[in-house]
Amino acid sequence: INGIKINERVQVEFNVPKDFYSEWEIDSLQNPISDNILYEYLVSMRAPHPKIIVAQPKLESNNFQSDLFKRQKSFLGMQYSHKRVTTANGTKGEYKTYNTWQESAIDYLFWMFSRNVDKLSNEEYLRYLGKVYAEDPQYVTKLKNIMGKFSFK
């Protein structure tokens, strides 16, 4: 992965060893998305709470079909961050835009780490989302219902 622009002043370059990516990762870099591809991507990045993170865009982007996701590659409706590192390339309306869904996922991880929620248990993280992140009072219940249908390893 070369030349990911973090913001106007910072650009990060990653030198990836040959054969670093598995077959599914190469496929995901060409941008198809599914529950399994997103889950495997998050696991490969050692993301905390990967099942919860996969459930969120299923709910928030109507299973990766919302206009916001299709137009701006934003599956979690993140608003622009002025106080933390972001992978967004700008905004349209109040929501960030990304070049790829992978950048949207990375930005969400930046958000998590900026709030130290990576150290919480799954239940603690769900409670946190219910209090701080979600506008829907049934958000956590809906996430749990979605996660109950997953068959990830």
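Considering only residues that are polar (S, T, N, Q), touching a residue at least 12 places away in the same chain (Cβ under 8 Å) and surrounded by fewer than 17 Cβ atoms within 10 Å (Cβ to Cβ), which ones fall in segment 101-119? Correct list: 114 only.
Counting residues in segment 64-77 that are at pLDDT below 80, part of a helix (DSSP H, G or I) and either surrounded by fewer than 12 Cβ atoms within 10 Å (Cβ to Cβ) or of a type outside the set (Phe, Trp, Tyr) (or both) gives zero.
Restricting segment 83-121 to residues that are of a type in the set (Val, Ile, Thr) and not in a loop (DSSP other than H, G, I, E, B) leaves a set whose member that is farthest from the chain's Cα centre (by Cα) is 91.
Among residues of segment 45-63 being open to solvent by less than 30 Å² (accessible area, probe 1.4 Å) and either among the small types (Gly, Ala, Ser) or assigned to a loop (DSSP other than H, G, I, E, B) (or both), the one that is modelled with the lowest pLDDT is 61.
I'd like to know if segment 120-141 contains one or more residues that are among the β-branched types (Val, Ile, Thr), in contact (Cβ under 8 Å) with a residue 60 or more places away in the chain and over 14 Å from residue 33 (Cβ atoms). Among the residues of segment 120-141, not one is among the β-branched types (Val, Ile, Thr), in contact (Cβ under 8 Å) with a residue 60 or more places away in the chain and over 14 Å from residue 33 (Cβ atoms), which makes the answer no. Restricting the first member to segment 58-75 and to residues that are under 18 Å from residue 140 (Cβ atoms), and the second to residues that are of a type outside the set (D, E, K, R) and outside any helix (DSSP H, G or I), the beta-carbon pairs closer than 7 Å and six or more apart or on different chains are 60/75; 60/76; 60/77; 61/75.
The values are calculated or read from the model by the stated rules, or taken from the named source; none is laboratory data. What you are looking at is a predicted structure, and each value in this text was computed from that prediction instead of being measured. Virtual Cβ from ideal backbone geometry, glycine too; neighbours counted across all protein chains shown. Protein only, heavy atoms only, side chains kept; ligands, DNA and RNA dropped before computing areas. Shrake-Rupley method; radii C 1.70, N 1.55, O 1.52, S 1.80 Å.
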